[in-house]
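**Student:** Handing you this structure, nothing more for now.
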Amino acid sequence: MAFPTLNMSSRDPSNVSGTASGSETILSNSSEAVAGASILGLVFLLGVPGNVFIVWTILARARRRSITTLLILNLAFADGFLMLLTPFFMVYLFQRSWIFGLVLCKVLFYLCCANMYASIFLIMLMSLHRLVAIVCPKRVGALMDRRTVTQVLAGLWVLALGLSVPVLVFRTTKEVSREPQSLVCYCHHPQPQYEVMQYGMETLLGFLLPYGVIIGSYVCILRRIRKTRFRRRIRSEKLILVIIITFGLFWLPYHIINMVQVAAALHPEDSPAKENLKKIRMKLQALTSTVAFVSSCINPVLYTFAGKSFIRREGLAFMARLFEGTALETSRRIRHSNQNSRDREKETDEGESLNDKDSDSTTTTANANSVIKVVPPKNGK
């Protein structure tokens, strides 16, 4: 994962600062570094209290924890933990040098990358849960019970941590020629295929595939809603849809730059196209990384707007009531769908029963008519 602090990739350790090719990074300009640190400070002030509040209100104030609430809890935990790492990157920008050593260079960026994977996987699970709850309401209890969801969440976190291992392998520190004793924490790929593998995997598994599942789920949900009488959108669907759209808008620019980096790695050395792609990446990487980083502090703001009707009535528990309300609406939707199915089955059974009765009546009448015999009168009587 990239940050406003540098996600450089280089196979030439002497050029990690980008100055040899005439390009500048955010660390090369003191004013840009200060501006980046200020943005991170604002993100920290919004993200840490907001996500901690979400975790607290779900654990302490929520009377019932639905599957959606459990997924939001994990998402808030992941984002809140990421926000706690922000001061390290703020110091990196202010000092314009990595002063925390090689181990933290690897570990901090590894945790950031794991957060990226975990966030998109959690949002994908939210979409799949909505799909099962609406398209297959009779099976939602069997497929989405608490034990199954807990196991899926554990597997999700293991997968996110596993996919982030390349960051541990390729992240390193290097003294740059810009200033003595100035270090950068960057990705060093000995071969271009490693660079293609790392950033291609981030974009494919960390955005394209899960986001494709998300979009496909909501297409199926909308098609299902159009076929039913119950077309009113419930609050949880609106909230999750806003989270999905916001996440996509914040992360799409970052993954576009990832693909620019992959394209640059695939071009031969000394190619004009390769140099142009590198310049585009160096100019836009800091901006797109900052936008992606902000996505981790925006969800509490979205929840606050979604739950504003609860604030006056519930006080600090307003967010818990919001999540409880989405759970109640979901259960009502499922019960309503089940009731409609039972009503349709009952109507079908009653219709078949009436048809059977009509058929039996017709058969009985026909049989009765068939056994009537006309006896001729005897002796004219």
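The values are calculated or read from the model by the stated rules, or taken from the named source; none is laboratory data. Since the model is a prediction, treat every value here as computed from it, not as a measurement. Positions of Cβ are backbone-derived with ideal geometry, glycine not excepted, and every protein chain shown enters the neighbour counts.
**Student:** Give region 9-54 a look and list any residue that's closer than 25 Å to E269 by Cα and at pLDDT 50 or above, or say none. Walk me through it before giving the result.
**Tutor:** First pass over region 9-54, keeping only residues closer than 25 Å to E269 by Cα: 9-26, 28.
Of everything in region 9-54, those that are closer than 25 Å to E269 by Cα and at pLDDT 50 or above turn out to be S9, S10, R11, E24, T25, I26, S28.
Quick grid of which residues meet (1) outside any helix (DSSP H, G or I); (2) among the hydroxyl-bearing types (S, T, Y); (3) modelled with pLDDT of 90 or more; (4) surrounded by 13 or more Cβ atoms within 10 Å (Cβ to Cβ):
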position	(1), (2), (3), (4)
I134	no, no, no, yes
V158	no, no, yes, no
G162	no, no, yes, no
T173	yes, yes, yes, yes
L205	no, no, yes, yes
G212	no, no, yes, no
Y218	no, yes, no, yes
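**Student:** Here are A292, A265: which of them is small (G, A, S), in contact with a Lys or Arg (Cβ under 9 Å, 6 or more places away or on another chain), surrounded by 15 or more Cβ atoms within 10 Å (Cβ to Cβ) and part of a helix (DSSP H, G or I)? Break it down into steps so the answer makes sense when it comes.
**Tutor:** Values: A292 fails: in contact with a Lys or Arg (Cβ under 9 Å, 6 or more places away or on another chain).
The match here is A265.
**Student:** Look through region 57-101, keep the residues that are among the hydrophobic types (A, V, I, L, M, F, W, C) and outside any helix (DSSP H, G or I), and return whichever of them is farthest from N115 (Cα to Cα).
**Tutor:** Here the answer is A62.
**Student:** Restrict the check to region 108-131 and report whether at least one residue is more than 30 Å from V219 (Cα to Cα) and β-branched (V, I, T).
**Tutor:** no
**Student:** A further question follows. Could you say whether any residue in region 106-125 is at pLDDT 90 or above, in contact with an Asp or Glu (Cβ under 9 Å, 6 or more places away or on another chain) and of a type in the set (G, A, S)?
**Tutor:** Yes - at least one qualifying residue is present in region 106-125.
Residue-wise test of (1) out of contact with any strand residue (DSSP E or B) (no Cβ under 7 Å at 6 or more places or on another chain); (2) surrounded by fewer than 19 Cβ atoms within 10 Å (Cβ to Cβ).
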{"residue": "L82", "(1), (2)": "yes, no"}
{"residue": "F94", "(1), (2)": "yes, yes"}
{"residue": "L102", "(1), (2)": "no, yes"}
{"residue": "L108", "(1), (2)": "yes, no"}
{"residue": "A114", "(1), (2)": "yes, no"}
{"residue": "S119", "(1), (2)": "yes, no"}
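**Student:** Identify all residues within region 186-199 that are assigned to a helix (DSSP H, G or I), more than 12 Å from L163 (Cα to Cα), touching a helix residue (DSSP H, G or I) at 6+ places or on another chain (Cβ under 6 Å) and not acidic (D, E); write none if there are none.
**Tutor:** P192, V196
**Student:** Quick one: N276 ticks every box in (1) surrounded by fewer than 16 Cβ atoms within 10 Å (Cβ to Cβ); (2) over 30 Å from A62 (Cβ atoms); (3) at pLDDT below 85; (4) polar (S, T, N, Q) bar one, so which box is it?
**Tutor:** Going through the list (1) surrounded by fewer than 16 Cβ atoms within 10 Å (Cβ to Cβ); (2) over 30 Å from A62 (Cβ atoms); (3) at pLDDT below 85; (4) polar (S, T, N, Q), N276 breaks only (3).
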